[in-house]
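Worksheet: the structure to be examined is printed underneath.
The values are calculated or read from the model by the stated rules, or taken from the named source; none is laboratory data. These numbers come from a predicted model, not from an experiment. We place every Cβ from the backbone using ideal geometry, glycine too, and count neighbours over all the protein chains shown.
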Amino acid sequence: MLTGVERLVDLTGPQQVGLTGKTLAEVQEAVRTGDVSALAQTDGHFAVVAREGQTVRLARTIGIPLRYFVAKMFHGPFLIVADRIDRIFEWCQQHKIGWQFDPLYTRMVPAHYLIEIEQIGCPDPAPRYHRFFSPPVETGPESIEACGIAYVRAAYNALKQWLSTLPAQEPIALAFSGGVDSTSVLLMAYHALQELGRNPQNLRAFTLNLGGGADMAQAEQVVTQLGLRSIWEPIEREASRVNMEEAIQLIEDYHPLDVQCAAMGICLLEGIRERYPHLKYLLDGDGGDENLKDYPLEDSDLTLSSVLRNPLLYQEGWGVDAIKHSLTYSGGLSRSYVRTFAPAARYGFHAFSPYTVRSVIAASTAIPFSKLVGGDVERLYNLKAEVVRAGVRALIGVDMPTPPKRRFQDGVSDNSYRHWRVGKGWCRQVFLRQWQERLKDVWDDPSERISGNDLNIPLPSLKR
């Protein structure tokens, strides 16, 4: 390997959202030196890459995606890091090594891990993984109220801290369906703004309606019941605006439920942006279902036992040592949070959900699910509403409504939703076709190709 060449290309730079416990500079230093204990002392979100000698280290949390790709230039490896697959490809294309690129050879840094990559040349060694988040499991009391108080308090503290960092008069959007998670975030945010001495009317709850959707009626009923109708706004869009192929290209993934969710998110955020060109900040309840395991088992190959025995299954997937772990995508919400992050980024929003931070996840894993559920699947399905309602009642003094669970994409329209149901095979075919079209030029045009061993080209710019 040719020495004296900087072989790390960081296209995004250090990122943070709602970070506490350490400054971003301190997180960078902890990543550079591999100090997982320092990373464990933080909360909120970050995504950071740093070098120490020939070792490159990367770390992230759920709320900010981070990817890398190993290309070959100047007789050795170049590690290219970005938040998106297409940004990595565009850099490779710019430097005429796009022909080396394969989107499925990019790697997502799994949430809650520090990974180490040695840049020593062929063969490139596999990364080393080090956890910096190991929450307690089922250590809490067998009390719905006590578990709810601990869980909602953690979420409230994270949300209030994030709000405290925003300009005092800045309006804040909330993606609102009237379900348990978005309603609890609405009540927590409203209460936190009051406690911070700010105007709670700066909070705006937006509900997507593509025509006859159950969420529209549910959201209106909930805000009316809570006396908050003045801060609620429906976003009306034509159902024809839904574009699954656009969603696949935006989130760079082909998991059907995430594709469908992102497609609805595009419609909602596009509508908010058109109405409010300068609105910057966005809240949602993403992560609430994952924390309290509120997904129908019949929609997957999961069993009650697999869910209860793997406490971070919905947040991280099966784990980096499991045969089902995807190197390209990681797993769980670590993978699927792109459905929220990418649409928000496209429309210029800074997104945050209190249910994705580690202190809140830790409060959820401490809940003794096995004892509270007792082997009853229906009991598991009802648990989230009971826990959140109990916590909100105790901490905020509001007896919040808890309507039945409904996915985002299920509630935005009437029966026309059945036309949007897509399978994994179709989504994957679309994903591969989109990349086949993008890669065609860099393969077919010899002028767009240089060898990874060519030493007669200028060093690439490392500027972002």
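Considering each residue of the range 111-145, count those that are at pLDDT below 95 and hydroxyl-bearing (Ser, Thr, Tyr), and give that number. Give the steps one after another, and end with the answer.
Taking the range 111-145 as the starting set, the residues that turn out to be at pLDDT below 95 are 118-126.
Then drop every residue that is not hydroxyl-bearing (Ser, Thr, Tyr), which leaves none.
Result for the range 111-145: 0.
Say whether the condition of being assigned by TED's automatic domain parsing to the domain that holds Gly63, touching a His at 6+ places or on another chain (Cβ under 9 Å) and farther than 30 Å from Gly348 by Cα is met by at least one residue in the range 113-127.
Looking for residues that are assigned by TED's automatic domain parsing to the domain that holds Gly63, touching a His at 6+ places or on another chain (Cβ under 9 Å) and farther than 30 Å from Gly348 by Cα, one finds at least one in the range 113-127, hence yes.
Is it true that some residue in the range 380-391 is over 19 Å from Tyr295 (Cα atoms) and assigned by TED's automatic domain parsing to the domain that holds Pro277? Walk me through how you get there before you give the answer.
The initial filter retains those residues of the range 380-391 that are over 19 Å from Tyr295 (Cα atoms), namely 390-391.
Right, trim to assigned by TED's automatic domain parsing to the domain that holds Pro277 and you get 390-391.
Yes: one or more hits.
Can you tell me which residue in the range 323-366 is surrounded by the most Cβ atoms within 10 Å (Cβ to Cβ), limited to those that are among the hydrophobic types (A, V, I, L, M, F, W, C) and over 24 Å from Leu39 (Cα atoms)?
Quick first cut of the range 323-366, residues among the hydrophobic types (A, V, I, L, M, F, W, C) only: 323, 327, 333, 338, 341-342, 344-345, 349, 351-352, 357, 360-363, 366.
Among the residues that remain, those that are also over 24 Å from Leu39 (Cα atoms) are: 323, 342, 344-345, 349.
Details: Ile323: 5, Ala342: 23, Ala344: 20, Ala345: 17, Phe349: 21.
Ranking the candidates gives Ala342 first.
Any residue in the range 54-71 that's free of Cβ contacts under 8 Å to residues at least 40 places away in the same chain: show its pairings with residues that are not in a loop (DSSP other than H, G, I, E, B) at Cβ separation under 6 Å, as long as the two are six or more apart or on different chains.
The qualifying pairs are Phe69/Ile80; Phe69/Ile88.
Quick test of your reading of the structure: Glu246 fulfils all but one of (1) at pLDDT 95 or above; (2) farther than 20 Å from Val422 by Cα; (3) out of contact with any Phe, Trp or Tyr (no Cβ under 8 Å at 6 or more places or on another chain). Name the failing condition by number.
Here Glu246 clears every test but (2).
Could you name every one of the strands (runs of 3 or more DSSP E) located completely within the range 38-138 that has at least 2 residues being over 30 Å from Gln434 (Cβ atoms) and touching a strand residue (DSSP E or B) at 6+ places or on another chain (Cβ under 9 Å)? Before you say what the answer is, go through the steps one by one.
Values: elements: 43-52, 55-60, 67-73, 76-82, 113-118, 128-131.
Per the criteria, 43-52, 55-60, 113-118, 128-131.
Would you check which residues across the range 336-360 are in a helix (DSSP H, G or I), in contact with a His (Cβ under 9 Å, 6 or more places away or on another chain) and more than 19 Å from Leu297 (Cβ to Cβ) and list them? Walk me through it before giving the result.
Keep residues of the range 336-360 that are in a helix (DSSP H, G or I), which gives 336, 338-346, 354-356, 358-360.
Add one more test, that the residue is in contact with a His (Cβ under 9 Å, 6 or more places away or on another chain), and what stays is 336, 339, 344, 356, 358.
Arg339, Ala344, Thr356, Arg358, listed by residue number.
Give just the number: which of (1) in contact with a Cys (Cβ under 8 Å, 6 or more places away or on another chain); (2) without any contact (Cβ under 8 Å) to a residue 60 or more places away in the chain; (3) not hydrophobic (A, V, I, L, M, F, W, C) does Ser164 not satisfy?
(1)
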